[in-house]
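Below: one structure, written as structure tokens.
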Amino acid sequence: MLLYIHVPFCRRKCRYCAFYSNPLTRSGDEMAVYLSALYAELGQWGRRLGRVPVESVFFGGGTPSLLDPDQLEGVLDCVGRTFEVLPGAEISMEANPDSLHTAEKASGFLAAGVNRISLGVQSLHDGMLETLGRLHRANAAREAFRAIREAGCANLSLDLMWGLPGQTLEQWLEDARAAIALGPEHISAYGLTLEPGTPLAESCGDAELPSEDVQCAMYLEGIRLFEEAGLHHYEVSNFARDGFRCRHNLGYWEGRDYLGVGPAATSTIGGERWTNPEGEGWLEQVREGRRCPEREPLDRATRALELMMLRLRTVDGLPLDAYESLAGRSFLGDHGPFAHRLCAEGLARMENGVFRLTDEGMLVSNGILGELFEEEPKSAE
């Protein structure tokens, strides 16, 4: 099982972000309430599931680096008492340069058990960082990276964004080169999506984003730069040196069970999916010891479609026999004409029993997967 822990606090919400988070006040009282409820929720799931093996733990947010190292260590101790954390398990945390910028604090997280850190840099261009509403500036991001490395972190990832308002192709490639020069083991590079209701979406329209042709060049040229630097493309937005793929996210894409704890966290276990309520709703649910009442059953047809969607995000692609074992039918029988059209257009290829998207196909993967989902799945029951 994979374990996701949502830490719902930020110093300030970024202008593009639609994830659930709350400001953390100077008193930190909210953190104490959250941690108490988190321990209780973990205990409840331990009683429901038993001492199941956990192969990865991921602290996401929000901003997990707002935790003190001893607080994170307390959470990991609780996880270890509740579940069987497997030897060599990947323990990841997201961090921001404004809240993790000293070797001392980074050493504390590593001593607590973290063995992978994902640093939210987003850009190494001060103007772009200001547009995004980030609290740090480019030099601070570089200093944070060096501090984490000095602390001994041997598995360090950088998050970057491209396709930003007013960003040119050369600015993006400068960001990519600067990130490569730091020497991370992993890079996640996400194209900006203007989420409805966010300050960035309300202040700028699609017309202010780079043109479709420029965004296409940003994506494909970015892949080329990362590959040349030994950061191999393994998922739509992810690149890693050999042996440093994010095992937690690979588990999602391979369709494994995962438990999400904390407010707004999503779980998929035993053919059911649910999402925790936010804020006070989550606290009340934990206090009363209830499970989320709105649980979505996932039949075989739905699971086959989701396996297809997740596997096609990766360069490893969709093994046709994996689809058939879930759906009870052949992939080509269900989606043959569409799959052959994608291959003819250079957006996909079929070889050795695996259907996968090309780099050009990954660029438009949201549209491709949307079309596949619009095809009515046949019942597999």
Once normalised by the length of the chain, the mean sequence separation of its alpha carbon contacts under 8 Å that are 6 or more apart gives a contact order in percent of 15
Going by a 4.7 Å Cβ-Cβ cut-off, which cysteines of the chain have no partner at all?
CYS10, CYS78, CYS153, CYS204, CYS216, CYS246, CYS292, CYS343
Distance in nm between ASP70 and ASN366 label points, each 7 Å along Cα→Cβ, equals 4.4
Label the range 223-381 by shape, choosing from rounded, prolate and oblate, from the square roots a ≥ b ≥ c of the eigenvalues of the Cα gyration tensor; if a/c is under 1.5 it is rounded, and otherwise prolate applies when a/b is larger than b/c, oblate when it is not.
oblate
Alpha carbon centroid spacing (whole Å) that separates the range 295-352 from the range 182-242
25
Once phi for every residue in the range 359-368 is put through the Karplus expression 6.51 cos²θ - 1.76 cosθ + 1.60 (θ = phi - 60°), the whole-Hz ³J(HN,Hα) values, with Gly and Pro written as x, are 4, 5, x, 5, 4, 10, 4, 4, x, 4
Need one number: nm distance between label points at GLU104 and GLU195, each 7 Å from Cα along Cα→Cβ, rounded to one decimal.
3.4
Taking K and R as +1 and D and E as -1, what net charge do the other residues with C-beta under 11 Å from the C-beta of GLN167 add up to?
-4
Just in the range 83-173: which GluC sites (Glu not before Pro) are loop by DSSP and have at most 12 other Cβ atoms within 10 Å?
none
What does the convex hull of the alpha-carbon atoms of the range 2-252 project to on average, in nm²?
13.3
Rough spin-label spacing in nm, given labels placed 7 Å along Cα→Cβ, for ASN115 and ARG349:
3.4
Note on the range 235-322: contact order normalised by length, alpha-carbon pairs under 8 Å, 6 or more apart, percent, works out to 28
Long-range HN-HN contacts of GLN122 with modeled amide H, under 5 Å:
ASP159, LEU160, MET161
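How much net charge surrounds ILE223 when only other residues with a Cβ under 11 Å from its Cβ are counted (Lys, Arg +1; Asp, Glu -1)? Don't jump to the answer; show the numbers that get you there.
On the way: positive: ARG224; negative: GLU221, GLU227, GLU228, ASP359, GLU360.
Summing Lys/Arg as +1 and Asp/Glu as -1 gives -4.
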List residues of the range 254-273, by number, whose backbone nitrogen lies under 18 Å from a label position 7 Å along Cα→C-beta of ARG303.
254-260, 267-273
Per residue of the chain, what 222 nm ellipticity follows from adding -39500 (n - 2.57) for every DSSP H run with n ≥ 4, rounded to the nearest 500?
-13000 deg cm²/dmol
Multiply the residue gap between GLU272 and THR168 by 0.36 nm, knock off their C-alpha separation, and tell me the result in nm, one decimal place.
33.1 nm
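Over all pairs of distinct alpha carbons, what does the Kirkwood formula give as the hydrodynamic radius of the range 300-374, in Å? Please report the intermediate quantities before stating the final value.
On the way: mean 1/r = 0.0832 Å⁻¹.
This gives a value of 12.0 Å.
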Percent antiparallel among DSSP beta bridges (both partners in the chain, rounded to 5):
40
Subtracting the Cα-Cα distance from 0.36 nm times the residue separation, let me have the gained length for ASP359 to GLU254 in nm, one decimal.
35.8 nm
Ranked list, fewest to most other Cβ atoms within 10 Å of each Cβ, for TRP253, TRP282, TRP172, TRP274:
TRP274, TRP253, TRP282, TRP172
Residue separation between LEU220 and ASP316 times 0.36 nm, minus their alpha-carbon distance, gives in nm 32.7 nm
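None of the figures in this text is laboratory data; all of them are computed from the coordinates on show. The structure presented is a predicted model; accordingly, all values stated were derived computationally and were not measured. A quick note on method: Cβ atoms are made from the backbone with ideal geometry, for glycine too, and the neighbour counts reach across all protein chains shown.
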